[in-house]
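The values are calculated or read from the model by the stated rules, or taken from the named source; none is laboratory data. The model shown is predicted, which means the values in this text are computed figures rather than measured ones. Counting neighbours? That spans all protein chains shown, and the Cβs are built from the backbone with ideal geometry, glycine included. Surface areas here come from the heavy atoms of the whole protein model, side chains and all, with no ligands, DNA or RNA. Shrake-Rupley method; radii C 1.70, N 1.55, O 1.52, S 1.80 Å.
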Amino acid sequence: MSAKVFISHKNTDSLLAEKVARRVRVNGLETYLDTIDDALVKDGPELADLLLARMGQCQQLIAVVSSQTKDSWWVPWEIGVGSEKGFRMASYSESYVTLPSYLEKWPALHTDRHIDLYCEYSKQTEIVVNRRMRDVLTEDRRMQVRKSEALDFHKQLRAAIR
């Protein structure tokens, strides 16, 4: 089974997030999208705990961004959590919105073909991660492997979508 992709988005971008999630699933990867999660009617600390639990089931994140994202507190928070966990990450926008500078750290996806490439490189990276994890016993070392492979993934994907 491949690593699940957390689709981060502002609620006003739910339709676009659903489109991205569908494309990721067509490519054979699982997704978590909170538009289908009734538990997310909570807010504050309860929502943070729930999102942490959901993100704990994922190893990747695609942040759907639009001109509305700048008004979100949760999307940057989710990106920070994903970064700390060593997720493979990218942003997605249909229009070329001006991204906050911190998002330049990860590849920017704009088309279905870019999503396809994300998924293709993700599957390749997952094979490498699983192979490297076989002999890793400590959680610190496992995190180092995840972060190292995520850096390689980001570099390769960025080169492929240029």
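Here's the yes/no breakdown for (1) part of a helix (DSSP H, G or I); (2) of a type in the set (F, W, Y); (3) open to solvent by less than 60 Å² (accessible area, probe 1.4 Å):
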site: Q124; (1), (2), (3): yes, no, no
site: V129; (1), (2), (3): yes, no, yes
site: D135; (1), (2), (3): no, no, no
site: R142; (1), (2), (3): yes, no, no
site: E149; (1), (2), (3): yes, no, yes
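Mind listing whichever residues of the range 79-96 are touching a helix residue (DSSP H, G or I) at 6+ places or on another chain (Cβ under 8 Å) and under 23 Å from T111 (Cβ atoms)?
Once the filter is applied, which keeps residues that are touching a helix residue (DSSP H, G or I) at 6+ places or on another chain (Cβ under 8 Å) and under 23 Å from T111 (Cβ atoms), the range 79-96 yields I79, G82, F87, R88, M89, A90, S91, Y92, E94.
Which one of the conditions (1) open to solvent by 10 Å² or more (accessible area, probe 1.4 Å); (2) touching a residue at least 24 places away in the same chain (Cβ under 8 Å); (3) in a helix (DSSP H, G or I) does A17 fail to meet, given that it meets all the rest?
That leaves (1) as the condition not met.
Residues to consider are S72, S83; find the one that is surrounded by fewer than 18 Cβ atoms within 10 Å (Cβ to Cβ) and either among the polar types (S, T, N, Q) or at pLDDT 90 or above (or both).
Of S72, S83, the one residue that is surrounded by fewer than 18 Cβ atoms within 10 Å (Cβ to Cβ) and either among the polar types (S, T, N, Q) or at pLDDT 90 or above (or both) is S83.
Please give the number of the condition W77 fails out of (1) open to solvent by less than 30 Å² (accessible area, probe 1.4 Å); (2) among the hydrophobic types (A, V, I, L, M, F, W, C); (3) farther than 15 Å from K4 by Cα.
Here W77 clears every test but (1).
Condition first: of a type in the set (K, R) and outside any helix (DSSP H, G or I). Now tell me which residues in the range 51-106 satisfy that.
Scanning the range 51-106 gives K85, R88.
State which residue is surrounded by the fewest Cβ atoms within 10 Å (Cβ to Cβ) when the search covers only the range 56-69 and only residues that are of a type in the set (V, I, T) and under 20 Å from V24 (Cα atoms).
V64
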